[in-house]
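**Student:** One structure follows; several queries about it will come next.
A short reminder: the numbers here are calculations on the coordinates, not readings from a lab. Every value quoted in this text rests on a predicted model; they were computed, and no experiment measured them. Here the Cβ positions follow ideal geometry from the backbone for every residue, glycine too, while neighbour counts run over all protein chains shown.
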Amino acid sequence: MVQISVMVDGVRHEDDVEPRLLLVHYLRDRLGKTGTPIGCDTSNCGTCTVLLDGSSVKSCTVLAAQADGAAITTIQGLSTDGQWHPVQQAFHECHALQCGYCTPGMILASVDLLSRNPDPSDEQIREGLEGNLCRCTGYHNIVEAVRTAGTAMRARSDGGSATTGVPEGVSA
Amino acid sequence: MTEVADRPAAAVGQPMLRKEDARLLTGQTTWTDNIQLPGMLYCAILRSPLAHARITRIDVSAAKERPGVVAAFSGADLADSWSTLPTAWTVSADMKSPPHLPLATDKARHAGDGVALVVATDRYAAADALDAIEVDYDPLLAVVDMTAAQQDSSTLVHDDVPNNRCFTYREDWGDHEATKQGDVLTISRRFINQRLIPNAMEPRSVVATATPATGEVTVWSATQVPHFVRVFLSLNTGWPEQKIRIIAPDVGGGFGSKLDVYAEDVIIPVLAHKLGRPVKWTESRSEGYLATIHGRDLIQDVEMTVTRDGVVRGLKVDLTVNMGAYLQLLTPSIPLLGRYMYPGIYKFVAHTLTCQGIFTNKTPTDAYRGAGRPEATFVIERIMDEAAAELGMDPIEFRRRNWITKSEFPYTTIAGLEYDSGDYEAATERALALLEYDKLRTEQAERRQRGDTVQIGIGTSTYTEMCGLAPSRWLGETGYVAGGWEAAAIRVLPTGRAEVVVGTSPHGQSHATTFAQLASDELGIPFDDIDVIYGDTQAAPIGLDTYGSRSLAVCGVAIQKAAQRVVEKARQLAAHLLEADPGDVEFDAGAFRVRGAPESQKSIQELAFAAFSAHSMPEGVEPILSADAVHDPDVFSIPHGTHLCAAEVDTETGAVRLRSYVAVDDVGVVVNPDIVDGQVHGGVAQGVAQALYEEAVYDDDGNLVSGTMVDYLVPAAPDLPPWTLDRTITPSTTNSLGVKGVGETGTIASTPAVVNAVIDAVRHLGVTDIRMPCSPERVWRAIKDARGATPGGAA
């Protein structure tokens, strides 16, 4: 057993884990963070993507032990003060999800992409999301959502008023 | 259809944002694998590494000694707990449906056939303990090739199925041979519609819990068909159906692969029942590649006759279809779901279709998005391009000359199917304009003339399809055990909000939003005040589930009927309370008003409370403002459209790049344009994937070589272009909503459009066909081979 201390969505967890335990299983089975799903066993699909110290990682390729000391953000920790993240809002407005299974990973990969390149071209968005597979949308609306979110985030950082509010009647 | 067109547009037709999104965007979902129950155990299944082998001994005793292991069983240990898995369609009198037990006992018949299992306290312990199970296999020759499988000398997958032949089928409409007489061109091709792996993003998962004292069993399954699972689990185990509750919670995609009753849908409840503890099983992706159905996999021999001036005459199609090792729920029926679609939108005078199903030592095939209709559309749209090329005609002009014109609807095709409506001219004109067809043809000519290493081609697919499964009478006539109706119930609650309970459950299709839009307009209750309930046989007990683009065309009509019954009941109550004759009470946008006295009115919300309190009900009217309805369609839904693809082919590398893709679809009345567009986007992507990227490859020993996501190319965002969409709207005349199915149209239409484009780009080099997927290697080889065949041929 390995002792780890990780911050997950702002909450500190101290645990003893098997050295081989995958981060995604730690999140799902130990912490109940089931917002992060698993889509493959070969690190192809990106469904389990989370942010580890701000960078997107596939949590099936990280051991829980390797995450010791790290801060992890899952889809369940992306909203702040009941406000959806602009990427979540844009995915909603652009119909960028259907079954929604790839969505947590796709959103977190997009957050990482936009943090590194706030104004990506459509081609850069497609290349940037290459590690995340979606079987429902054909990616068209995902690209549009990331572009839309980028615009909203740039407007916000310029002091503009981006529409990032949670729709009425929806609890984030 | 003026009734539809004239209805004041409140919610229907608007791009309402989805009700489903809030929990999916924030991780507050209930995927089956998320479910944790007290004392829950994990099941891992040992699968045969061999495609074909006699099982001579299984010893699970060492596995039972492993840490955390609670139980371990072989197939023989559990053989008394269950019976053969169901096949719901008997497609011919000669069809053989061999036993298919949840765990094999005599032979393993495909790589991945389950033979034993372990139940342990966590998923790691269960997976570890599989290594301790000892199985002695006596290897047999694997049957992998469908042609060899039919030889008398072939090994048999099932000892009592000679020549591995599952079924034969033939239907003749008119005399195809007679169309060869006279000065006609006969064009023959063999197309290979390759085996695909559906790849819903959520792997399958089953959780079950039992109450031994009462015999009650609750099962959560990542399934498209909770109602089917309930009936068949009861039949399989002998458990009383009323004791079984099936829940399909959030389901992460299906595409047909979850339209099944799988071994694990039986195994996991049986274990929960036997052990008295909850049990979970979730497949890994690689396990799913072996244990979840595959799609397509057929050889299509086609012969078409056409007059020299370009009029189609006869079409003969011979299908040889790979069943895999067993018949799953709908396996033999899949190629025949396309049985009427081979003539497409064209006016053939004769048509013959033959089909034979062959057993092999491969994973069973079954429904994959489009199920039979993409296969049919591929044949007709590919052969139309080949015929046009042989005649020296533009492929669009050739189609125009042969398709059913707008004034000819309703039209009964040579295959006996009536197409109620359509406008192929309008859809095609729009698509040509969006693609800038003439400009591209000019560029194509220029590139050819200058011998550019990058050539471009334009591919056409003027498809139609039959969906909205299905008229119950037709299903019965063709050998299906169940019907094709669908059920809805509407309850207007005391607070004026409404619940719509439906028998079809989604796995991405947006039922909660679309159905609320429909009900909102019918009831005059705001969209935000309506929720849709589905996917739980206790909450939505009556239904036939989601597949075949049926939810809107079939269940949507049931919702409309139920809503109209609610309105009629409310009208009775309003008349009673307003002291008017019901015939004088008018309903509009949620308000009941007495004709000529508009101030005298009751809202539907007030009437819901009045019906709940029931203090003063009219004679013969029962309390509660609710109603239910079942809709059984008379006919199929027939959407159509024109898809055009422009592809660039690098003649030196064989690489294909899609420059543009235009889809103009006619799906009748559109309830939510964003959701409809989304269905087309994803459908087209899957069809393009078949054309360019995907194939399940087996070696000669029956090993699945493309056995992980590393080896099977599910396209990512850079692999696909943006899609250009538009639509024409020709309301269906066969349902009261005027709607047509859309869930499969993209997949049905797009595959031949892309392959036609690739071939059009290199046809001048002598290429007339390329096997799918049109990988760079295959395209390069096709060019190389053609150049070898035509000396001096150059790009």
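**Student:** In straight Cα distance, which lysines are under 20 Å from B:K569, not counting same-chain residues fewer than 8 positions off?
**Tutor:** B:K561, B:K602
**Student:** May I pose another question? ³J(HN,Hα) across segment B:181-192 via Karplus (A = 6.51, B = -1.76, C = 1.60, θ = phi - 60°), whole Hz, x for Gly/Pro?
**Tutor:** Along segment B:181-192, the couplings run 6, x, 8, 10, 9, 10, 10, 10, 8, 10, 9, 10 Hz.
**Student:** Okay, next question. What is the sum of charges around B:A415, taking Lys and Arg as +1, Asp and Glu as -1, for the other residues whose C-beta is under 14 Å from the C-beta of B:A415?
**Tutor:** On the way: positive: B:R170, B:K316, B:R339, B:K347, B:R373; negative: B:E171, B:D172, B:E418, B:E465.
Local net charge: +1.
**Student:** Please give, to one decimal in nm, the separation of the simple spin-label points placed at A:D122 and B:V481, each 7 Å out from Cα toward the Cβ.
**Tutor:** About 4.8 nm, to one decimal.
**Student:** Once you have a ≥ b ≥ c as the square roots of the Cα gyration tensor eigenvalues for segment B:262-395, tell me rounded if a/c is under 1.5, and otherwise prolate or oblate according to whether a/b is larger than b/c. Could the numbers behind the result be given before it?
**Tutor:** Numbers: a/c = 3.70, a/b = 3.26, b/c = 1.14.
Here segment B:262-395 falls in the prolate category.
**Student:** Taking a threshold of 31 Å on the Cα-Cα distance, which of the pairs B:K406/B:K439; B:K243/B:K280; B:K316/B:K406; B:K19/B:K274 fall above it?
**Tutor:** Values: B:K406/B:K439 27 Å; B:K243/B:K280 20 Å; B:K316/B:K406 26 Å; B:K19/B:K274 39 Å.
Where the Cα-Cα span goes over 31 Å, the pairs concerned are B:K19/B:K274.
**Student:** Then there's this: Let me have the relative contact order for chain A, percent, based on Cα pairs under 8 Å that are six or more residues apart.
**Tutor:** Details: 315 pairs, mean separation 39.2, N = 172.
Rounded, it is 23 percent for chain A.
**Student:** Kindly identify the protein assembly as shown as rounded, prolate or oblate by the Cα gyration tensor criterion: order the square roots of the eigenvalues as a ≥ b ≥ c, call it rounded if a/c is under 1.5, otherwise compare a/b with b/c, prolate if a/b is larger, else oblate. Each step should come with its number before you reach the end.
**Tutor:** Details: a/c = 1.29, a/b = 1.06, b/c = 1.21.
Verdict is rounded for the protein assembly as shown.
**Student:** Classify segment B:657-791 as rounded, prolate or oblate, taking a ≥ b ≥ c as the square roots of the eigenvalues of its Cα gyration tensor: rounded when a/c is under 1.5, otherwise prolate if a/b is larger than b/c and oblate if not. Walk me through the intermediate numbers first.
**Tutor:** On the way: a/c = 2.56, a/b = 1.68, b/c = 1.52.
In terms of gyration-tensor shape, prolate.
**Student:** Can you pull the one-decimal nm distance between simple spin-label points at B:D152 and B:R448, each 7 Å off the Cα toward Cβ?
**Tutor:** 5.1
**Student:** Suppose every Lys and Arg Cβ carries +1 and every Asp and Glu Cβ carries -1, with no other charges. What dipole size does segment B:290-428 come out with about its Cα centre, to the nearest 20 debye? Kindly include the intermediate steps, with their values, before the conclusion.
**Tutor:** Working: 14 positive and 18 negative charges, 47 e Å.
Rounded to the nearest 20 debye, it is 220 debye.
**Student:** Under 11 Å from the Cβ of B:A761, count the other residues' Cβ atoms, weight Lys and Arg +1, Asp and Glu -1, and hand me the total. The partial results should precede the final answer.
**Tutor:** Numbers: positive: B:R447, B:R448, B:R657, B:R659, B:R763; negative: B:D452, B:E648, B:D650, B:D760.
Local charge sum for B:A761: +1.
**Student:** Could you check the simple spin-label distance between B:D175 and B:A62, using points 7 Å along Cα→Cβ, in nm with one decimal?
**Tutor:** 7.0
**Student:** Alpha carbon centre of segment B:92-162 versus segment A:9-25: separation in Å?
**Tutor:** 38
**Student:** Here's another thing I want to ask about it. Please get the size of the charge dipole for segment B:118-250, origin at its Cα centre, with Cβ charges of +1 on Lys and Arg and -1 on Asp and Glu, quoted in debye to the nearest 20.
**Tutor:** On the way: 11 positive and 19 negative charges, 109 e Å.
Computed charge dipole of segment B:118-250: roughly 520 debye.
**Student:** For A:K58, go through the aspartates and glutamates and keep the ones whose alpha-carbon is under 17 Å away, minus same-chain ones fewer than eight residues off.
**Tutor:** A:D9, A:D29, A:D41, A:D68, A:D112, A:E127, A:E130, B:E202
**Student:** Just need the relative contact order of chain B here, percent rounded to a whole number, with Cα pairs under 8 Å and 6+ apart.
**Tutor:** Values: 2024 pairs, mean separation 120.8, N = 795.
15 percent.
**Student:** To continue, here is another question. Based solely on its DSSP helices, what 222 nm [θ] is calculated for the protein assembly as shown when runs of n ≥ 4 H residues each add -39,500 (n - 2.57) and the sum is averaged over all residues, nearest 500 deg cm²/dmol?
**Tutor:** -8000 deg cm²/dmol
**Student:** I'd like the antiparallel share, as a percent to the nearest 5, of DSSP beta bridges with both residues in chain A.
**Tutor:** Values: 15 of 17 bridges.
Of the beta bridges lying entirely in chain A, close to 90 percent run antiparallel.
**Student:** Hey, another quick one. How much FRET efficiency would the formula 1/(1 + (r/R0)^6) give for B:E777 and B:D584, where r is the Cβ-Cβ distance and R0 is 60 Å, rounded to 0.05? Please report the intermediate quantities before stating the final value.
**Tutor:** On the way: r = 75 Å, r/R0 = 1.26.
After rounding to 0.05, the efficiency reads 0.20.
**Student:** B:I530: net charge of surrounding residues, Cβ under 15 Å, Lys/Arg +1, Asp/Glu -1, itself excluded?
**Tutor:** Every neighbour counted, the sum reads -3.
**Student:** While we're looking at this one, here's another question. Collect residues whose amide H, placed 1.01 Å from N in the peptide plane, falls under 5 Å from the amide H of B:L101; neighbours closer than 5 in sequence don't count.
**Tutor:** B:L85
**Student:** Taking a cut-off of 24 Å between Cα atoms, list the lysines near B:K107, but don't count ones fewer than 8 places away on the same chain.
**Tutor:** The reachable lysines, counting only those whose Cα sits under 24 Å from B:K107, are B:K64, B:K96, B:K362.
**Student:** Still on this structure: In whole Hz, with x marking every Gly and Pro, tabulate ³J(HN,Hα) for segment B:501-514 from phi via Karplus 6.51 cos²θ - 1.76 cosθ + 1.60, θ = phi - 60°.
**Tutor:** Values, residue by residue: 9, 10, x, 10, 10, x, 9, x, 7, 6, 4, 4, 7, 4 Hz.
**Student:** Next question, about the same structure. Return the sequence-ordered ³J(HN,Hα) values of segment B:761-767 in whole Hz as given by the Karplus equation 6.51 cos²θ - 1.76 cosθ + 1.60 applied to θ = phi - 60°, using x for Gly and Pro.
**Tutor:** 5, 10, 4, 5, 8, x, 7
**Student:** Something else: Quote the relative contact order of segment B:410-476 in percent (integer), defining contacts as alpha-carbon pairs under 8 Å separated by 6+ residues.
**Tutor:** Working: 22 pairs, mean separation 11.9, N = 67.
Relative CO of segment B:410-476 lands at 18 percent.
**Student:** Restricting to chain B, what percent of DSSP beta bridges are antiparallel, rounded to 5?
**Tutor:** 80
**Student:** In chain B, once you exclude exposed GluC sites (Glu not before Pro) (DSSP loop, at most 13 other Cβ within 10 angstrom), what's the longest stretch remaining?
**Tutor:** B:66-578
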